Amino acid sequence: MKQLSYLQYWLLLSVAVTGVCGLAYLLAQQSLRQSANEPQIQIAKDAVRILESGKTPADFATANIVNIKESSAPFLVIYNSAYKPIASTGQLNGTAPILPEGVLQYANERGENLITWQPESNARFALVVLPYSDGFVAVGRSLKETENRINDFLLITGIVWLATLLATLVLTFLKDSWRNFKVRP
C-alpha cells in the first residue's frame, strides 16, 4: 500500500478540520437565528388568544410606537382579512409595516409563518405571523443584534479554522522528527 505524502496527509486533516469548523458555525448560526423568533412567537400567540376572546385590534394601540428600523424592541401588527394593517405598535418609514400578501396567505394555509423579512437593504426582521378569525397577527424584531453575534462567531470560527490548519500543517511536517525524539532522564 502506498504511503501518504506529508501534503496528502495534511490535506486529509484540513478537510476534517474544515468540516468540523463549518459544522460548528452552521449549528451556532442556526441556533442564534432560530432563537431570534422566541419572544415573537409568544407575543403573537398571546395576541391571537386575546383577539379571539373578544378584544379588538384597537385594544393593542399604544402611544409608544416603535420605529422598527432603529429599535430592537418587538413590534406587533394586526392585519385584517384583506391583508391591510389595522393596528400596529411599530412603524417603518412613518407607517405600519405592510407585508407581502404571500406571507399572510402562507400563514393562513399553514397556521403560522416564521420568516426573515427584509423590506429594505438595511432592515431585516425575525417575523412571526399567525392567523386568527378576522385576519393576522404579525410580531417582529430587528435582527441587527443577532446578526452581529453571528458575524462575531464567524470571525472566531475563521480564526480557529486558520490556526488549526496552520498547526496541523506544521505538525504534519514535523511528524518524522517526533519519531526520533527521545526524552532523556
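For the residues Tyr132, Tyr79, the requirement of being hydroxyl-bearing (Ser, Thr, Tyr) and touching a Gly at 6+ places or on another chain (Cβ under 6 Å) singles out Tyr79. Within segment 102-116, the only residue that satisfies the criterion of being in contact with a Pro (Cβ under 9 Å, 6 or more places away or on another chain) and under 16 Å from Pro39 (Cβ atoms) is Glu112. Being more than 11 Å from Ala138 (Cβ to Cβ), among the hydroxyl-bearing types (Ser, Thr, Tyr) and at pLDDT 95 or above is a property that Tyr79 lacks.
Looking only at residues of segment 30-51 that are surrounded by 15 or more Cβ atoms within 10 Å (Cβ to Cβ) and polar (S, T, N, Q), we find that the one that is farthest from Thr164 (Cα to Cα) is Gln40. A single entry from Ser81, Ser121, Ser71, Ser133 fulfils the requirement of being of a type in the set (S, T, N, Q), in contact with a helix residue (DSSP H, G or I) (Cβ under 8 Å, 6 or more places away or on another chain) and more than 30 Å from Val20 (Cα to Cα): Ser133. With respect to Leu11, determine if the residue is under 29 Å from Asn122 (Cα atoms), aliphatic (A, V, I, L, M) and not in a strand (DSSP E or B). It is false that Leu11 is under 29 Å from Asn122 (Cα atoms), aliphatic (A, V, I, L, M) and not in a strand (DSSP E or B). Only residues that are under 13 Å from Ser133 (Cβ atoms) and within 30 Å of the chain's Cα centre (by Cα) were counted across segment 53-63, and they come to 1. Pairs linking a residue in segment 159-171 that is more than 16 Å from Gly19 (Cβ to Cβ) to a residue that is buried (at least 16 other Cβ atoms within 10 Å of the Cβ), with Cβ atoms under 7 Å and 6 or more positions apart or on different chains, are Leu169/Trp10. Cβ-Cβ contacts under 8 Å between residues 6 or more apart (or on different chains), taken from a first residue in segment 1-29 that is at pLDDT below 95 to a second residue that is of a type in the set (A, V, I, L, M, F, W, C) and not in a helix (DSSP H, G or I), are listed as Leu12/Leu4. When residues in segment 5-29 are screened for being polar (S, T, N, Q) and surrounded by fewer than 15 Cβ atoms within 10 Å (Cβ to Cβ), 3 of them pass.
Among the residues of segment 14-52, those that are under 19 Å from Ala107 (Cα atoms), in a helix (DSSP H, G or I), among the aliphatic types (A, V, I, L, M) and under 20 Å from the mean Cα position of the chain (by Cα) comprise Ile41, Ile43, Ala44. Scanning segment 133-162 for residues that are farther than 30 Å from Lys84 by Cα, of a type in the set (S, T, N, Q) and surrounded by 12 or more Cβ atoms within 10 Å (Cβ to Cβ) gives a single hit, Thr157. Only residues that are in contact (Cβ under 8 Å) with a residue 24 or more places away in the chain and surrounded by fewer than 12 Cβ atoms within 10 Å (Cβ to Cβ): list them for segment 101-132, please. Of everything in segment 101-132, those that are in contact (Cβ under 8 Å) with a residue 24 or more places away in the chain and surrounded by fewer than 12 Cβ atoms within 10 Å (Cβ to Cβ) turn out to be Glu120, Asn122.
The values are calculated or read from the model by the stated rules, or taken from the named source; none is laboratory data. On a predicted model such as this, the values are computed, not experimentally measured, just so you know. Counting neighbours? That spans all protein chains shown, and the Cβs are built from the backbone with ideal geometry, glycine included.
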